[in-house]
Amino acid sequence: MSEIIGFEWEDSLSVGYNTIDLHHKKLLSIMGQFKSLFELSHEEYKLKIGKIVKSLSDYTAYHFTEEEKIMQEYGYPDLKEHASIHNSFIKKIQEAIVPLASGNIETGCQFYDFLGKWLVEHIAVTDHKWSEYIHKEHPEAQF
């Protein structure tokens, strides 16, 4: 198994709104818990993978809902497209739960890598689009 990279918070990921930055930090923290599973024995990994993926799925759904409420409140014009991206990601997590629960560590590594790269890219690019819109159109906004 190749070396597993970590996905951690960097200030460049900040969207400039504390609530959302805290959500993103929490998601990356759960990714850190996911990464730590690869240090466990196969038996321990198999016992814990389902809980981590469920935690990630639940928190991601909560975060996306909150983010979409903000976009709705401030009239973000690309909300529908952004929500569609969110829904697609949630579906990928849900589809992966059963294969991951089988305990195949290589499958877990591949999914971890996909999730981390997707999450960092989504924050850095897609979330920055809506935050820039709100900063520009509603400079008084705070959340």
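The values are calculated or read from the model by the stated rules, or taken from the named source; none is laboratory data. The shown structure was predicted, so the numbers you read here are calculated from the model rather than taken from an experiment. Backbone-built Cβ (ideal geometry, glycine too); neighbour counts: all protein chains shown.
Among the residues of the stretch 1-25 satisfying the criterion of being surrounded by 13 or more Cβ atoms within 10 Å (Cβ to Cβ), among the β-branched types (Val, Ile, Thr) and not in a helix (DSSP H, G or I), which is nearest to the chain's Cα centre (by Cα)? Checked the stretch 1-25; the qualifying residue nearest to the chain's Cα centre (by Cα) is Val15.
Checking Leu56, Leu40, Leu47 one by one, the residue that is touching a Gly at 6+ places or on another chain (Cβ under 9 Å) and either closer than 30 Å to Thr107 by Cα or of a type in the set (S, T, N, Q) (or both) is Leu47 and no other.
If I filter the stretch 120-143 down to residues being buried (at least 20 other Cβ atoms within 10 Å of the Cβ) and touching a helix residue (DSSP H, G or I) at 6+ places or on another chain (Cβ under 6 Å), which single residue comes out as nearest to Ile70 (Cα to Cα)? In this case the residue turns out to be Trp130. Against the criterion of being touching a Gly at 6+ places or on another chain (Cβ under 9 Å) and either assigned to a helix (DSSP H, G or I) or of a type in the set (A, V, I, L, M) (or both), Glu132 qualifies. Apart from one condition, Thr107 fits all of (1) surrounded by 14 or more Cβ atoms within 10 Å (Cβ to Cβ); (2) within 30 Å of Trp130 (Cβ to Cβ); (3) not charged (D, E, K, R); the exception is (2). Is it the case, given these coordinates, that Leu28 is modelled with pLDDT of 95 or more, loosely packed, with under 13 Cβ neighbours inside 10 Å and in a helix (DSSP H, G or I)? Against the criterion (modelled with pLDDT of 95 or more, loosely packed, with under 13 Cβ neighbours inside 10 Å and in a helix (DSSP H, G or I)), Leu28 does not qualify.
Of all residues in the stretch 37-81, those that are closer than 26 Å to Glu3 by Cα, among the hydroxyl-bearing types (Ser, Thr, Tyr) and surrounded by 13 or more Cβ atoms within 10 Å (Cβ to Cβ) total 4.
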